[in-house]
Amino acid sequence: MQRSVFDSATAGVVAAGCGLAVSEIASGVLHQRVSPVLAASEVIIRHTPGRFIELAISLVGTHDKQLLIAMTLAGFAVLSAVAGVAARRNIWFGLAGFAVLGVLAMSASRARLQPASSNLVPAIAGSIVALALLKTLVDRIPPETVSVSTAVSAPAARNRPADDSDAVRVPADPGRRTFLSWVGVAAAAAVVGGVVGRGLARSRAAVEAARLQLRLPVARAGTPPGADLGIAGVAPWVTPVDKFYRIDTALSPPTILPKDWSLHIHGMVDHEVDLSYHDLLRMGLTEAWMTLCCVSNPVGGPLISNAKWAGVRVADVLALAGPHPDADAVKSRSYDGWTSGTPMSALTDGRDALLAVTFNGVPLTPEHGFPVRMVVPGLYGYVSATKWIVDMEVTKFSDFQAFWTQRGWSAQGPVKTESRIDAPRGGDTRRAGTVMVGGVAWAQHRGIAKVEVKIGNAHWTEATLGVDPSIDSWVQWSYAWDATPGTYQISCRATDRTGATQTSNVADVLPDGATGYPSISVMIS
Ligand SMILES: Nc1nc2c(c(=O)[nH]1)N[C@H]1C(S)=C(S)[C@@H](COP(=O)(O)O)O[C@H]1N2
Ligand SMILES: [Mo]
């Protein structure tokens, strides 16, 4: 084989290998169940006639999965080699070939049986890396060397003593050396990346298996009657697990098996306590509806969700350690080192502050703090909702700063009384007639007393409220508006059960939560 053909095929395989490694890492980091390689293997299985699969299984037994993956990879390598050779001819042919492979990987990812869990980011990231690397490597393939003897200048040959071979020794081709070192580095990166990616996937799979094996005495949560008003466009009263907003500083959620989890309670206490997952569960589970929201949620924003949580009361856990009376805070720390400072009063005044193990009847997902997180009604997440919690230090606010308070956010983070308009959407055009206006309102642990709507120049009008089974959850509101043609500004405002109405003063999220009335504009035709 011509050397340049070999080099370009190698460039193709190595570039594709790096792309695959990147896609593996990305799917590990994103906690996806299947990477593009696995997705492609699944697609192949689905389109292979059953008798071939049976034949393969009879030949290789239970190694059929590995065989399939090996064959998928081998097929992929052959196609990438061909694309590499094509790239040597004309870089655009090669790039087009790689683009086709990338699209195949993406459509395999999309064809997953559970589309909700499939995600194109790994396949796209992998394709970009592979394309860039293919171009880089092909550009560095040295030109086919001309016959050595003619390449050496005549005087040099003349001065040299006669040699046994008629070929003249020349220093190794520096161009090829550069190319080979690029290939070597890229190949090593692909191998390391692949191993890292598989490692992430394996720990993810172990956590997933442990989650599925858990048998916790918690029922699936249905929506309490009357809580959901069923207005089109309004967020459902119970947020589905896969729609729950996510905010954290973790690039990839920590993977912690329940058997490896423990909680250390220390600081200003009579005695330090260590609890295993089993110890925790034995203390008994409390179930509670609670709406969690983020201090970074802008007025009208999406960083708020509602779920039924089950967990052990934080107060019971703290009581085991015996907190000193002059302690006014608990500094909690996650497995990955994030910290949060919570007022002792909110943890011990009888509200449903929990070390939660489930939400909406299923074990916490890794993204939302598996195996154990804290949730405290009435406080923003950054001062209370520590996911992957492993450490609680009983202390004083004057003695520490937590992750976000070091960065300028308020040490105390009570949730503000707020509301949101979900329907219609700002900018919508609706027909004249009855238009259902609706949304949500929240004032966790105070409860919502009323929501008022203002449309155009009309007076504030009270909206209908959904049933709220707990003062710790949001409520839905609705208003049947008899709309006539025109352009309207719609605003709303909530009043909590202490009698306080949300403020109209506009404030940004920093340092302790955004304020102002939500407002949208709609056209009626
Ligand atoms: N370990 C850890 N816990 C954390 C955070 C974090 O970055 N790391 N972010 C907090 C913030 S700011 C919020 S708003 C909530 C969000 O919880 P969720 O992602 O389950 O909705 O988690 C809190 N708990
Ligand atoms: Mo947050």
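The values are calculated or read from the model by the stated rules, or taken from the named source; none is laboratory data. Treat the numbers as computed from the prediction; the structure is a model and nothing was measured. Neighbour counts are summed over all protein chains in view; Cβ atoms, including those assigned to glycine, are modelled from backbone coordinates with ideal geometry. These accessible areas exclude ligands, DNA and RNA; they are computed on the full protein's heavy atoms, side chains included. Shrake-Rupley method; radii C 1.70, N 1.55, O 1.52, S 1.80 Å.
Quick notes on this structure:
- Residue check for residue 195: within 30 Å of residue 134 (Cα to Cα), surrounded by fewer than 16 Cβ atoms within 10 Å (Cβ to Cβ) and in contact (Cβ under 8 Å) with a residue 24 or more places away in the chain: no
- Residue 511 vs. criteria within 31 Å of the chain's Cα centre (by Cα), of a type outside the set (Val, Ile, Thr) and farther than 30 Å from residue 287 by Cβ: yes
- Output for region 319-344, where each listed residue is part of a loop (DSSP other than H, G, I, E, B), within 16 Å of ligand 2 (Cβ to nearest atom) and either modelled with pLDDT of 95 or more or over 22 Å from residue 402 (Cβ atoms) (or both): 338
- Filter result (closer than 18 Å to residue 385 by Cβ and open to solvent by 10 Å² or more (accessible area, probe 1.4 Å)) within region 289-303: 289, 294, 296, 297, 302, 303
- Among the residues of region 471-482, the ones that are open to solvent by less than 50 Å² (accessible area, probe 1.4 Å) and closer than 20 Å to residue 230 by Cβ come to 7 in all.
- Of residues in region 303-326 being of a type in the set (Gly, Ala, Ser) and touching a residue at least 40 places away in the same chain (Cβ under 8 Å), the one farthest from ligand 1 (Cβ to nearest atom): 322
- Which listed residue, of 118, 165, is closer than 17 Å to residue 29 by Cα and modelled with pLDDT under 70: 118
- Subset of region 345-369 (residues that are over 17 Å from the mean Cα position of the chain (by Cα), open to solvent by 10 Å² or more (accessible area, probe 1.4 Å) and within 13 Å of ligand 1 (Cβ to nearest atom)): 360
- Residue within region 303-318 that is of a type in the set (Val, Ile, Thr) and at pLDDT below 95 present: no
- Residues being out of contact with any strand residue (DSSP E or B) (no Cβ under 9 Å at 6 or more places or on another chain) and on the phi < 0 side of the Ramachandran plot - total across region 407-435: 3
- Condition met for residue 504 (open to solvent by 20 Å² or more (accessible area, probe 1.4 Å), assigned to a loop (DSSP other than H, G, I, E, B) and farther than 19 Å from residue 423 by Cα): yes
- Complete set of residues in region 375-414 that are surrounded by fewer than 24 Cβ atoms within 10 Å (Cβ to Cβ) and closer than 13 Å to residue 291 by Cβ: 378
- Residue pairs meeting the criteria (Cβ under 6 Å; at least 6 apart or on separate chains; first closer than 20 Å to residue 430 by Cα, in region 509-521; second at pLDDT 95 or above and among the aliphatic types (A, V, I, L, M)): 518/299; 518/421; 520/421; 520/490
- Candidates in region 254-302 are the residues that are in a strand (DSSP E or B) and among the hydroxyl-bearing types (Ser, Thr, Tyr); of these, the one that is nearest to ligand 1 (Cβ to nearest atom) is 291.
- Taking region 310-328 as the range and being closer than 22 Å to residue 291 by Cα and open to solvent by less than 10 Å² (accessible area, probe 1.4 Å) as the test, the residues that pass are 310, 311, 312, 314.
- Selection within region 80-98 - open to solvent by 90 Å² or more (accessible area, probe 1.4 Å) and either within 31 Å of the chain's Cα centre (by Cα) or in contact (Cβ under 8 Å) with a residue 12 or more places away in the chain (or both): 82
- Every test in (1) within 22 Å of residue 334 (Cβ to Cβ); (2) in contact with a Phe, Trp or Tyr (Cβ under 7 Å, 6 or more places away or on another chain) is passed by residue 408 save one, and that test is (2).
- Flag if residue 258 is more than 30 Å from residue 425 (Cα to Cα) and within 16 Å of ligand 2 (Cβ to nearest atom): no
- Within the option set 130, 56, 108, being open to solvent by less than 40 Å² (accessible area, probe 1.4 Å), of a type outside the set (Val, Ile, Thr) and over 22 Å from residue 18 (Cβ atoms) holds for one residue only, 56.
- Just one of (1) hydrophobic (A, V, I, L, M, F, W, C); (2) within 16 Å of ligand 2 (Cβ to nearest atom); (3) open to solvent by less than 10 Å² (accessible area, probe 1.4 Å); (4) under 20 Å from the mean Cα position of the chain (by Cα) fails for residue 372. It is (2).
- Filtered by the rule that a residue be surrounded by 16 or more Cβ atoms within 10 Å (Cβ to Cβ) and either modelled with pLDDT under 95 or charged (D, E, K, R) (or both), region 242-286 gives 248, 250, 252, 253, 254, 255.
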